[in-house]
Amino acid sequence: MTLLGDAAHLMPPLGVGANLAMLEGAELAESLVAADGSGEPDEVVRTFEERMWARAGRWARMTMAGLERLVGPDPSEALALFDEVQPS
Ligand SMILES: Cc1cc2nc3c(=O)[nH]c(=O)nc-3n(C[C@H](O)[C@H](O)[C@H](O)COP(=O)(O)OP(=O)(O)OC[C@H]3O[C@@H](n4cnc5c(N)ncnc54)[C@H](O)[C@@H]3O)c2cc1C
């Protein structure tokens, strides 16, 4: 059993959550198909989770920082953030 999308990691509503959920669903399916019945399914799922947690953690840090700036007193900081943030 595993979790993905919002059930695994909520994000601030800054354009990331649904994209991560779809990407993770596709990656998990791809990993299981690639294993093709060989190897331990649990191991495939754990490997998928490690990759998911690492990426979701990076996006959570970026979007939390973005959220703090968006609701901060200086709007120019919010604009600068969009130039800084590049997808990984
Ligand atoms: C205001 C706002 C704006 C957003 N804007 C963006 C955006 O621009 N871009 C972006 O990428 N993300 C955005 N998001 C985030 C995005 O909506 C979520 O990250 C995404 O919907 C998560 O998808 P999910 O499939 O993990 O969960 P969900 O979309 O929550 O799907 C879970 C589904 O499971 C169902 N369910 C729950 N319990 C049960 C049960 N017991 N049995 C059967 N079914 C059940 C629910 O009814 C629901 O349909 C935004 C979120 C908010 C709140």
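No value in this document is a laboratory result; all are computed from the given coordinates. Predicted, not measured: the structure shown is a model, and the values here were computed from it. Here the Cβ positions follow ideal geometry from the backbone for every residue, glycine too, while neighbour counts run over all protein chains shown.
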What helix-only [θ] at 222 nm does the chain give? Using -39500 (n - 2.57) per DSSP H run of at least 4, over all residues, to the nearest 500, the answer is -23000 deg cm²/dmol
Contour minus end-to-end for V33 and R46, with contour as 0.36 nm per residue of separation and end-to-end as the Cα-Cα distance?
3.2 nm
Please list, in order, the residues from segment 1-25 whose amide nitrogen is less than 14 Å from a point placed 7 Å along the Cα→Cβ vector of R61.
none
Zero-based 5 Å bins, Cα pair distances in the chain, whole percents
3, 13, 22, 19, 14, 11, 8, 5, 3, 2, 1, 0
Note, segment 11-21: 3J(HN,Hα) by Karplus (6.51, -1.76, 1.60, θ = phi - 60°), whole Hz, Gly/Pro = x, goes 10, x, x, 10, x, 10, x, 5, 5, 5, 4
Where does helix 41-70 land angle-wise versus the long Cα axis of the chain, in degrees 0 to 90, nearest 10?
10
In nanometres, the difference between 0.36 nm per residue of separation and the alpha-carbon distance of T2 and W53 is 17.2 nm
